Amino acid sequence: MRKKSLLCILTVCTLSVTTIGGCSTGTPDPVSEETTAESSSKATEDCKTETDTDTEAGSEADASEENSQAVTTGGSPWIDSDLKENISKDMKTDPKDDFHLYINKDWLLSNNIPDGYPTWSHYSECAKTVKEKGIALLTDESVKGHDADNIRAYSKAILDWDARDKAGLSEITDCFNSIVEAKTIDDINKLLMDPDKTNELHAFIAYTVGKGLNDPRHYLVVIDSPELLLNDSAEYKKRTEFGDILYGYNKDVFIYIAEKAGLSKDDADKIFENAIKFEGVLADTIYTTEEQNNDDYLQKINNEMSFDELTAMTENYPLSELLKADKLYYDGKYLVSAPEYIKKLDSVYTNDNLDGIKAIIAVHYILSYRYSLDKETYEFCVDKRNEYTGTSGKLPDKEMAYEMVTSQIPASIQKVYVEKYGSEEDRKKMIKLCQTVKDTYREILEENEWISDESRKAAIEKLEKIKIHAAYPDKFRNTDSLDLTGCSLVEANRRINNFEADYNRSLIDKEPDNDMWAENLDILSCNAFYNLQDNTINMIIGMMDEPFYSDKMSTEELYASIGAFWAGHEISHAFDNNGAQFDADGNLKDWWTEEDKTEFRKRTKKVDDYLDTIIAFNGKHMTGTNIDTEMISDITGLQCALKMASKVENFDYAKFFKKYAELNVAINLYSSELSLLSQDNHPLNYSRTNVPVQQFEEFYETFDVKEGDNMYLAPEDRLLVWR
């Protein structure tokens, strides 16, 4: 099965961190980090290091008069302190000027990005604690059971460099040569429908199984556009700095491996260029990152069709045969995200374009195995990643193995981890904290000034039905049919691909098992999630450690963390400009009056317009429509926590705001920062402190911020959506 996760907006909207199913926070993965899932031909994000040209202009943190007025008129109100080169020890800081830098300067100066990482933050520190426990499980013979056997076998295959060197490219060369040597479209079609290859070849359409938007109570087959070498389809019209880096990295790696497989450098170069060119032909009908963040995106992709309606769109592209070969034919609905893409693909899927068709399949095939081959190839890929992203060194082998295990066989490692380290007491405490946040959110809705009684009733009904998932589920999928013992790394990845494909097929037209709520989540990551389609917040075990959660935290710190930063933020996603399109039962269903919808959009537009004025770094503006859902949830989460704080006698607001700012701190490579700005729906870290706190009188009173100060935002310009 050519599986691609349905765009994260359909499955989970998250608070934080690095990648995958959840919409990640401001800490992206590097280009093709060792943790990349080798089974999915996915180029991850990042780019090359540069010096931020705003550094000198913004290095005086106490700011000029021009900068002090920039907050409401555009410009660079704050230096980008996510980039460590922008700050220095002798730099003056003031909470009235740049609150994030004022609180976090010492941490930023005393920390560095470790080898193999594109970023470092409190997320990273918390994740490292979990990771160290998980790494120990990879070789812990005292842990018994089938899942423990699998994680040990898989990590052994990853770390057996002698076996990997001996195998070299031998396990992928035949298939690669078959692609390159294909003479006709019929030859390609035979490869795509070969049962031994059907789960690993790029087939121009990504198939998966997921919940429907109209009825989340049943799984259906999702037909999606494929991953692109440059990630964002907009890159094929106008290549950006970010696109140049993805292009260079992927090209260098492909040519290197293709030469080892027997091609000349010139032939490999030609194949890569053909792949880019043909993806450019298809890219016009693939949604751009910006389009995916538009409010009408969900409606655009909500196209349910029967098998006959779907396959009637193609004459040249063998969609019917491919779906049947992948065992995805059934008498039910297919969710088709981009019908125009399928029509475009069909129009160009001809022998006249054979070179481009072959090239795309060949390039994605090679890149999907780049970290599963011999050590020389692995180290070349790491070196190229470092060259293009600015990272240094590489992850220790055991850490790299752990990342691959959590990526490829998440259910197995999660089950073993929970069995060893899970705490029912902590789970109950988290549920209780989240319930307090949920109760407070009801007060916000009840006191809201602009929503009608009709919409308010629907909103409160949705809030009441939000289910709190804490730490880990009671049930995981059965993995008994997956056996990874005694096989090579390439073979192990193929077995995993086949297991995943079979599991997904088994879900078609079935009802979801709600007890398995972590099925699409990495609960060992430092993260949290709101799920649009089952109306849940998911506070997972990977974030339940310092500095985000512990018994030692004061009320102020817990409210800043769980109240604002985590649970308050996640509940807010139920009512942001995506979540507000889903009802209490997870259906894509409008529950707004027209007047309320108009007012909500007006308020969201105000957020967008404000963010658009801000120059993030290096002359590059923020794009409000890309990040408004996360920023609105940041602001509303803080609003919720402050309402909780108002009920506590002698509440220490300085301690509260200090903790809130600390939670957002991160050091990013320039490449990571550029990736976030251009293709992520999370704001840059420093803005996730400064913009939210600007909205509240408690902040102004606590730090004596007044008109003319750089942190000041006039009351009429403030961005509270839910008030």
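Residues of segment 652-689 that are within 24 Å of V607 (Cα to Cα), out of contact with any Cys (no Cβ under 6 Å at 6 or more places or on another chain) and outside any helix (DSSP H, G or I): N664, V665, A666, D680, H682, P683, L684. Check whether at least one residue in segment 257-280 is open to solvent by 40 Å² or more (accessible area, probe 1.4 Å), over 29 Å from F176 (Cβ atoms), part of a loop (DSSP other than H, G, I, E, B) and at pLDDT 95 or above, and report yes or no. No, the conditions are met nowhere in segment 257-280.
Please work out if D522 is assigned to a loop (DSSP other than H, G, I, E, B), buried (at least 22 other Cβ atoms within 10 Å of the Cβ) and not hydrophobic (A, V, I, L, M, F, W, C). The answer is yes for D522. Within segment 619-638, the set of residues being open to solvent by 10 Å² or more (accessible area, probe 1.4 Å) and free of Cβ contacts under 8 Å to residues at least 24 places away in the same chain comprises H621 only. Among the numbered conditions (1) in contact with a strand residue (DSSP E or B) (Cβ under 7 Å, 6 or more places away or on another chain); (2) open to solvent by 10 Å² or more (accessible area, probe 1.4 Å), the only one that K643 does not meet is (1). Determine, yes or no, whether K475 is among the basic types (K, R) and part of a loop (DSSP other than H, G, I, E, B). It is true that K475 is among the basic types (K, R) and part of a loop (DSSP other than H, G, I, E, B). Looking at segment 283-352, the helices (runs of 4 or more DSSP H) lying wholly inside it that each contain 1 or more residues that are at pLDDT below 95 sit at 289-292, 297-301, 319-325. Residues in segment 407-414: is at least one in contact (Cβ under 8 Å) with a residue 24 or more places away in the chain and either farther than 30 Å from E511 by Cβ or acidic (D, E) (or both)? The answer is no; no qualifying residue exists.
Here S412, S481, S488 are screened, and the one residue that is among the small types (G, A, S) and either farther than 30 Å from D374 by Cα or within 24 Å of the chain's Cα centre (by Cα) (or both) is S412. Going through segment 541-557 one residue at a time, which ones are of a type in the set (S, T, Y) and surrounded by fewer than 17 Cβ atoms within 10 Å (Cβ to Cβ)? Within segment 541-557, S550, S554, T555 meet the criteria. Of all residues in segment 137-170 being in a helix (DSSP H, G or I) and of a type in the set (V, I, T), which is surrounded by the most Cβ atoms within 10 Å (Cβ to Cβ)? Here the residue is I151. Test E594 against the stated conditions and say whether it is without any contact (Cβ under 8 Å) to a residue 24 or more places away in the chain, over 23 Å from E716 (Cβ atoms) and either open to solvent by 40 Å² or more (accessible area, probe 1.4 Å) or not aliphatic (A, V, I, L, M) (or both). So E594 fits the description; yes. Only one of the numbered conditions (1) touching an Asp or Glu at 6+ places or on another chain (Cβ under 8 Å); (2) among the β-branched types (V, I, T); (3) open to solvent by 20 Å² or more (accessible area, probe 1.4 Å) is not met by T436, and that is (1). Here Y236 qualifies as without any contact (Cβ under 8 Å) to a residue 60 or more places away in the chain, among the hydroxyl-bearing types (S, T, Y) and crowded, with 21+ Cβ neighbours inside 10 Å. Among the residues making up segment 357-414, a single one is assigned to a helix (DSSP H, G or I), basic (K, R) and open to solvent by less than 10 Å² (accessible area, probe 1.4 Å): R385.
Assigned to a helix (DSSP H, G or I) and out of contact with any Phe, Trp or Tyr (no Cβ under 6 Å at 6 or more places or on another chain): which single residue out of D480, D439 fits that description? On inspection, the qualifying residue turns out to be D439. Number of residues in segment 483-497 that are in a loop (DSSP other than H, G, I, E, B) and either open to solvent by 10 Å² or more (accessible area, probe 1.4 Å) or under 30 Å from D426 (Cα atoms) (or both): the value is 5. The residue that is farthest from L213 (Cα to Cα), among those in segment 550-603 that are aromatic (F, W, Y) and assigned to a helix (DSSP H, G or I), is Y559. Within segment 661-686, the set of residues being acidic (D, E) and at pLDDT 95 or above comprises just one member, E662.
Summed over segment 84-110, residues that are assigned to a loop (DSSP other than H, G, I, E, B) and either of a type in the set (F, W, Y) or under 15 Å from T391 (Cα atoms) (or both) total 0.
The one condition from (1) open to solvent by 10 Å² or more (accessible area, probe 1.4 Å); (2) in contact (Cβ under 8 Å) with a residue 24 or more places away in the chain; (3) not hydrophobic (A, V, I, L, M, F, W, C) that N538 does not meet is (1).
The values are calculated or read from the model by the stated rules, or taken from the named source; none is laboratory data. Everything quoted here is computed from the prediction, not taken from an experiment. Cβ sites come from the backbone with ideal geometry, for glycine too, and all protein chains shown count toward neighbours. To get the accessible areas, we keep the full protein, side chains included, count just its heavy atoms, and leave off ligands, DNA and RNA. Shrake-Rupley method; radii C 1.70, N 1.55, O 1.52, S 1.80 Å.
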